[in-house]
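Peer 1: One structure, as structure tokens, below. Some questions next.
The values are calculated or read from the model by the stated rules, or taken from the named source; none is laboratory data. Worth saying up front: this structure is predicted, and the values here are computed from it rather than measured. In this analysis, Cβ positions are derived from the backbone assuming ideal geometry, glycine residues included, and neighbour counts consider all displayed protein chains. Areas reflect the complete protein model, heavy atoms only, side chains present, ligands, DNA and RNA absent. Shrake-Rupley method; radii C 1.70, N 1.55, O 1.52, S 1.80 Å.
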Amino acid sequence: MSDQHSANVISSNEISAKTLMIQGTTSDAGKTTLVAGLCRLFANRALKVAPFKPQNMALNSAVTPCGGEIGRAQALQAKAAYVALDVDFNPILLKPNSDTGAQVIIHGKAITNNTGTMEAAEYHDYKKVAMNAVLESHQRLIQQYQLIVVEGAGSPAEINLREGDIANMGFAEAVDCPVIIIADIDKGGVFAHLVGTLMLLSQSEQNRVIGFVINRFRGDISLLESGLTWLEQRTNKPVLGVLPYLHGLDISSEDALITQQQLSNKTVSQQQVRIVVLVYPHMSNHTDFDALRLHSEIDCQFLFAKNPQVEVSIPACDLIILPGSKNVISDLTFLRKQNWHQGIAKHLRYGGKVIGICGGYQMLGQAILDPHHIEGSVTYCHGLNYFPITTELQTSKTLTNVEGQLYLEQKNATVRGYEIHAGISKLVPGTHDSFHTLVTIEGKSHGLLSEDNQIAGCYLHGFFDTTEALGLIIKWLGSDINEGVSVEELENIAINRVSDACQKYLDMKKIDQLLSNWYKG
């Protein structure tokens, strides 16, 4: 079936906007990927398509042109739809900074209260306000686009979260849109997942489920057909397609560090650069390291310490990276409990290099102050004392996309990225001559490079994504391997792979008909 034929059902000539929601039986069922693939597929039909996620809980975020903050999954989906980032694509973003609390971001900006954090029980009472924000965003989008493809969160069958739900069926009911449920067969139990999820929904919610998609199938499809027939007869819902397991699919993930770790286990050759990224409890923006993880000649490993009571030593490597953090003081305390500070010192004594990004950059300084209790009750913490800076956390955030020049090895390269941070870092007086500028942005110094050329740090997320900048960093590490392919190009290849799979393995004609019939009433 061609795109031309399928577009006869949903065409660019139709004026009224439609909304299609993708919900999953579990987290990591494939919702983000399916929405991205559908956004690209429909956009390639010359439809004006927008991604949407009512409520997202993630520590990976992106900055919109207007200086707002949304989940990185929606940034990826916007790229798939060929549209600029908009805070309305993800009106509610929750960024956890403790086991029970999170920063609440509405329409791109963090809400302000006494602590800057909202506890889970408090947010439950706040959901009516949050739902209003969600519906406002959706209303604006349907005035601008022809099709809104919505991603749910987790599973719609979480009984304890049903009251006041704004992320799944609560939203679908509020805007009266149809729902497709996706399940991951690779995890096992796919039929139980789909039937059980459907049975735990109310009758009106079940009625708006227009079909199922099975994801990550590998093997002979004929062996699955009897199960698909049973599922359709048992639920009276069609199976709209079975997507294959797309091996080596390099696409941004919000929180799947374990998956990323598996993907990064490449065969190590003598020529490879070895990089270790320290993973602390509130690590943020792990997508910063996709360019390293996906490089064919770089062995990039995430170092986990799952049990805080058991020390995990930093292995021998060329570069240690201290990533961003949503709770810098808490994560720095965790780093010390793991004795990673001693591992960093040993690594430097043997000539290794260290880079700190955002929160990691703050940790490399002399002190971190939190007088407004932005991240917790602790107001002062000694840093690792490698940089002559002190950082004070502010009630407002810096949110901006930037481009500048990276300076290493007496050369410079273009670097692009974005800043998301509440801390303001200042040089301690009298130390300007001891350190070098790492990056200049609009002629202003940004970040630091130690005089011995071993330690670098800055606030710039996406620091490694520009191939020119990554090539210079590789030279700084003493290697002559290639620059690799840009993350943007890899993402675009991945989106096209998913879109092609949707076109080939989903019954798009049936999906078009079901969607059109829904809105015809």
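Peer 1: If I take R0 = 45 Å and measure r between the Cβ atoms of Glu122 and Asn412 in this structure, what FRET efficiency does the formula 1/(1 + (r/R0)^6) give, to the nearest 0.05?
Peer 2: After rounding to 0.05, the efficiency reads 0.40.
Peer 1: Rounded to the nearest 0.05, what FRET efficiency do Ala316 and Ser486 give with R0 = 30 Å and r taken as the Cβ-Cβ distance? Could you check? Working shown, then result.
Peer 2: Values: r = 29 Å, r/R0 = 0.97.
Taking R0 as 30 Å, the efficiency between Ala316 and Ser486 is 0.55.
Peer 1: Related question: Kindly express, to the nearest 10 degrees and within the range 0 to 90, the angle between helix 190-199's C-alpha long axis and the longest C-alpha principal axis of the chain.
Peer 2: 70
Peer 1: Which whole number of Å³ per residue matches the convex hull of the alpha-carbon atoms in the chain? Walk me through the numbers on the way to the answer.
Peer 2: Numbers: hull volume 79.2 nm³, N = 521.
Roughly 152 Å³ of hull volume per residue.
Peer 1: Could you work out how far helix 120-144 tilts from the main Cα principal axis of the chain, as a 0 to 90 degree angle to the nearest 10?
Peer 2: 70
Peer 1: Just to verify a number: what accessible area does Trp476 come out at with the full protein assembly present, 1.4 Å probe, Å² rounded to tens?
Peer 2: Roughly 10 Å² of Trp476 is accessible to a 1.4 Å probe.
Peer 1: Fully extended, how many nm does the chain gain between Asn385 and Ala367 (0.36 nm per residue separation, minus their Cα-Cα distance)?
Peer 2: On the way: separation 18, 0.36 × 18 = 6.48 nm, distance 0.76 nm.
Between Asn385 and Ala367, full extension yields 5.7 nm more.
Peer 1: Same structure, new question: Please identify which residues in the stretch 17-51 have an amide N closer than 17 Å to a label point set 7 Å out from the Cα of Lys520, following the Cα→Cβ vector.
Peer 2: 17-19
Peer 1: While we're on this one: Return the percentage of antiparallel bridges among DSSP beta bridges fully within the chain, rounded to the nearest 5 %.
Peer 2: Values: 45 of 91 bridges.
Counting DSSP beta bridges with both partners in the chain, the antiparallel share is about 50 percent.
Peer 1: Subtract the Cα-Cα distance of Ala192 and Glu297 from 0.36 nm times their separation in residues, and report this length gain in nm to one decimal. Before the final figure, lay out the partial values.
Peer 2: Working: separation 105, 0.36 × 105 = 37.80 nm, distance 4.15 nm.
Fully extending the segment from Ala192 to Glu297 adds 33.6 nm.
Peer 1: Also: What does the net charge come to around Arg416 if you take all other residues with beta carbon closer than 10 Å to its beta carbon, with K and R at +1 and D and E at -1? Don't skip to the answer; put the middle values down first.
Peer 2: Details: positive: none; negative: Glu403, Asp465, Glu468, Glu488.
Local charge sum for Arg416: -4.
Peer 1: List residues of the stretch 38-71, by number, whose backbone nitrogen lies under 16 Å from a label position 7 Å along Cα→C-beta of Lys504.
Peer 2: Output list for this probe position: 38, 41.
Peer 1: Compute the long axis of helix 340-349 from its Cα atoms, compare it with the longest principal axis of the Cα atoms of the chain, and write down the angle in degrees, 0 to 90, nearest 10.
Peer 2: 50
Peer 1: Simple spin-label model, 7 Å along Cα-to-Cβ: Thr112 to Ala84 in nm?
Peer 2: Distance between label points: 2.7 nm.
Peer 1: Still on this structure: Mind checking the per residue accessible area of the chain for me, 1.4 Å probe, whole number of Å²?
Peer 2: Numbers: 21680 Å² over 521 residues.
Value for the chain: 42 Å² per residue.
Peer 1: Turning to a different aspect of this structure: Using label points projected 7 Å from each Cα along Cα→Cβ, tell me how many nm separate Arg274 and Asn453, to one decimal.
Peer 2: For the pair Arg274/Asn453, the computed spacing is 2.2 nm.
Peer 1: Right, another one. When all protein chains stay in place, what accessible area (Å², nearest 10, 1.4 Å probe) is found for Ser434?
Peer 2: Ser434 exposes around 50 Å² with every protein chain in place.
Peer 1: Would you mind pulling out the separation of the Cα centroids of the stretch 35-70 and the stretch 383-410, in Å?
Peer 2: 28
Peer 1: Let me ask you something else. Per 0.36 nm of contour for each residue apart, how much would the distance between Leu249 and Gln309 grow if the chain were fully extended, relative to their Cα-Cα spacing?
Peer 2: Numbers: separation 60, 0.36 × 60 = 21.60 nm, distance 3.51 nm.
Answer, rounded to one decimal: 18.1 nm.
Peer 1: Counting only protein heavy atoms, what percent of the accessible surface of the chain is carbon or sulfur at a 1.4 Å probe? Intermediate results must be reported in sequence, preceding the final value.
Peer 2: Working: 10700 of 21680 Å².
After summing per-atom areas, the C and S share lands at 49 percent.
Peer 1: Would you kindly find the accessible area of Tyr459, with a 1.4 Å probe and non-protein molecules such as ligands, DNA and RNA excluded, rounding to the nearest 10 Å²?
Peer 2: Near enough 20 Å² of accessible area.
Peer 1: Something else about it: Mind putting a number on the dipole of the stretch 95-239 about its Cα centre? Charges go on the C-beta only, +1 for Lys and Arg and -1 for Asp and Glu, and I need it in Debye to the nearest 20. Please report the intermediate quantities before stating the final value.
Peer 2: Working: 12 positive and 17 negative charges, 48 e Å.
That gives the stretch 95-239 a dipole magnitude of about 240 debye.
Peer 1: For the chain, what does the helix formula give at 222 nm: sum of -39500 (n - 2.57) over DSSP H segments with n ≥ 4, over the residue count, nearest 500 deg cm²/dmol? Before the final figure, lay out each step's value.
Peer 2: On the way: 16 runs with 162 residues, N = 521.
About -9000 deg cm²/dmol.
Peer 1: Measuring from label point to label point, each 7 Å out along Cα→Cβ, what is the Arg234 to Arg336 span in nm?
Peer 2: 5.4
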